[in-house]
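Participant: Take a look at this one; I'll ask things after.
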Amino acid sequence: MKALILKINQRRPEESKIARAAEAIKKGGLVVFPTETVYGIGANALSEKACRKIFRAKGRPRDNPLIVHVSGIEMARTVAEVPVVYNNIIRRIWPAPITFIMKARKGLPAAVTAGLGTVAIRMPANKVALALIESSGVPIAAPSANISRRPSATTAQHAIKYFKNSVEVIIDSGRSEFGLESTILDLRTFRILRPGAFTAERIRKAFGRRPVITRETMGLGESADAISPGMKYRHYSPETPLFLFTGKKNRLRRILKGAGGRFAFVGSSELSATIRMPGKYKMVLGSRKRPGKMASNLFDSLIRLDSLGAEFAVVESFGQRGYGLAMMNRIRKASQHRSFRSLPELERLMKGAG
Ligand code: TXA
Ligand code: MG
């Protein structure tokens, strides 16, 4: 299968093109579409057969459930039991980059819920995504548009690389606004299962209640009794071995000089300016003064990293406020928890990765 690439205007989606993509969804096919967080690879959420195709295309473990994308709270109610107490709050904040775990209605495909009895629901703040859902007339189940374990697609080009031969349609609407996946909030426990584009601070304001943040939220632990099944799998990993630098910033330059390998760097313009390496090996996310911008460049940098020809890469660590919580969750997983503060520690990691 060769995917049809449809360029669709982010602000004013062309109706005829949306209809063409919706046709593919209605027929049980796969469509890659933009959201404000990352691109998704979608199928009719009410069809077991269609949803199974997603798992095949991504190489995704079968016990990892899918997020169901809806165009409003009424549609959400057809698949989930939306708690009445949260009705008004959800109405107020939707559409937004936040996914809620709720009790699932009976009859949803097992591929969507992984048999958990709950379902992840989100209304994306993206006109193309909403038009596609409306035109399809069904909720759309969609994980991030990446091959399992690889960084999520934040442009259509990333998705084309991953899926050009395994989906019907790929919609190209430019870069994703946030570039990090949605926040996942379990409405039953009020715990953040995955930090994301909707910050913990924003949840607190919207709900008047502080969300629960655990080691898993921070990406520090991969709990075996995975509350969110996706948490137990390796994630976001580039092929280039990536090491997380947690030491004093002003030491990195000397450590890299001592290490001797061909290194690439991923991090802020501020830290980048202090170290010496050929410019093409520097993946600058942006200034520390603009965390949102840095977050939105992270996955693109991790995907491009593999075409640089570096032997190893180091990534900077960030504070956990605001977008920092989501960024550090992704960075810890992408580096597979290999962190260093000193030259001996880095040398040990290099040996282990070699
Ligand atoms: O921003 C996003 O959320 C993107 C766009 C496309 O909407 N989607 C996305 O989906 O990131 P995915 O499949 O890559 O991540 C969904 C996560 C997985 O870790 C999965 O285990 C978890 O949500 N999840 C889904 N259903 C769940 C459920 N019923 N209970 C707990 N976790 C669930
Ligand atoms: Mg994903």
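Participant: Taking residue 130 and the conditions (1) hydrophobic (A, V, I, L, M, F, W, C); (2) more than 27 Å from residue 331 (Cα to Cα); (3) touching a residue at least 60 places away in the same chain (Cβ under 8 Å), which numbered condition does it fall short on, given that it satisfies the others?
Facilitator: Tallying (1) hydrophobic (A, V, I, L, M, F, W, C); (2) more than 27 Å from residue 331 (Cα to Cα); (3) touching a residue at least 60 places away in the same chain (Cβ under 8 Å), residue 130 fails exactly one: (3).
Participant: For a quick check of your reading: which strands (runs of 3 or more DSSP E) sit entirely within the stretch 233-296 and have at least 1 residues that are free of Cβ contacts under 8 Å to residues at least 24 places away in the same chain? Write out each step before concluding.
Facilitator: Details: elements: 242-245, 263-268, 282-286.
Ranges flagged: 282-286.
Participant: Taking only pairs six or more apart or across chains, which ones have beta-carbon atoms under 6 Å, a first residue in the stretch 190-211 that is assigned by TED's automatic domain parsing to the domain that holds residue 100, and a second residue that is within 11 Å of ligand 1 (Cβ to nearest atom) and among the acidic types (Asp, Glu)?
Facilitator: Sorted first by the residue in the stretch 190-211, then by its partner, the pairs are 193/186; 196/181.
Participant: Let me ask you something else. Only residues that are within 16 Å of ligand 2 (Cβ to nearest atom) and assigned to a loop (DSSP other than H, G, I, E, B): list them for the stretch 1-45, please. Walk me through how you get there before you give the answer.
Facilitator: First, the residues of the stretch 1-45 that are within 16 Å of ligand 2 (Cβ to nearest atom): 30, 32-43.
Result: 30, 34, 35, 36, 37, 38, 39.
Participant: Restricting attention to the stretch 178-192, and to residues there that are out of contact with any helix residue (DSSP H, G or I) (no Cβ under 7 Å at 6 or more places or on another chain) and not hydroxyl-bearing (Ser, Thr, Tyr), which single residue is surrounded by the most Cβ atoms within 10 Å (Cβ to Cβ)?
Facilitator: Ranking the candidates gives 181 first.
Participant: While we're looking at this one, here's another question. Filter the stretch 339-354 for residues that are modelled with pLDDT of 95 or more and either in contact with an Asp or Glu (Cβ under 7 Å, 6 or more places away or on another chain) or in a loop (DSSP other than H, G, I, E, B) (or both); which is nearest to residue 295 (Cα to Cα)?
Facilitator: 341
Participant: Can you name the number of the only condition in (1) closer than 18 Å to residue 28 by Cα; (2) within 16 Å of ligand 2 (Cβ to nearest atom); (3) open to solvent by 10 Å² or more (accessible area, probe 1.4 Å) that residue 60 fails?
Facilitator: Here residue 60 meets the rest and fails (1).
Participant: Moving on. Considering only the stretch 114-129, state which residues are surrounded by fewer than 23 Cβ atoms within 10 Å (Cβ to Cβ) and within 16 Å of ligand 2 (Cβ to nearest atom).
Facilitator: Step one: list which residues in the stretch 114-129 are surrounded by fewer than 23 Cβ atoms within 10 Å (Cβ to Cβ), which gives 114-118, 125, 127.
Matches in the stretch 114-129: 114 only.
Participant: Could you tell me how many of the residues in the stretch 168-188 are away from ligand 2 (no atom under 16 Å from the Cβ) and over 13 Å from residue 38 (Cα atoms)?
Facilitator: 7
Participant: Being away from ligand 2 (no atom under 16 Å from the Cβ), under 30 Å from residue 239 (Cα atoms), modelled with pLDDT of 95 or more and touching a Ser or Thr at 6+ places or on another chain (Cβ under 9 Å) is the requirement here; does residue 96 meet it?
Facilitator: Values: away from ligand 2 (no atom under 16 Å from the Cβ): yes; under 30 Å from residue 239 (Cα atoms): no; modelled with pLDDT of 95 or more: yes; touching a Ser or Thr at 6+ places or on another chain (Cβ under 9 Å): yes.
In short, no.
Participant: Among the residues of the stretch 198-220 satisfying the criterion of being open to solvent by less than 10 Å² (accessible area, probe 1.4 Å) and at pLDDT below 95, which is nearest to ligand 2 (Cβ to nearest atom)?
Facilitator: 219
Participant: Something else about it: Taking the criterion of being open to solvent by less than 30 Å² (accessible area, probe 1.4 Å), over 29 Å from residue 8 (Cα atoms) and within 13 Å of ligand 1 (Cβ to nearest atom), would at least one residue in the stretch 81-103 satisfy it?
Facilitator: yes
Participant: Just need a number here: residues in the stretch 80-102 that are more than 16 Å from residue 125 (Cα to Cα) and within 23 Å of the chain's Cα centre (by Cα).
Facilitator: 3
Per-residue answers, yes or no, for (1) open to solvent by less than 20 Å² (accessible area, probe 1.4 Å); (2) of a type in the set (Lys, Arg):
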site	(1), (2)
283	yes, no
289	no, yes
326	yes, no
345	no, no
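Participant: Inside the stretch 130-167, can you point out the residues that are away from ligand 2 (no atom under 16 Å from the Cβ), within 18 Å of the chain's Cα centre (by Cα) and either open to solvent by less than 30 Å² (accessible area, probe 1.4 Å) or not assigned by TED's automatic domain parsing to the domain that holds residue 181 (or both)?
Facilitator: Residue satisfying the conditions is 156 alone.
The values are calculated or read from the model by the stated rules, or taken from the named source; none is laboratory data. No experiment lies behind these values; they were computed from the predicted model shown. Backbone-built Cβ (ideal geometry, glycine too); neighbour counts: all protein chains shown. Remember, those area values only see protein heavy atoms, side chains included, never the ligands or the DNA or RNA. Shrake-Rupley method; radii C 1.70, N 1.55, O 1.52, S 1.80 Å.
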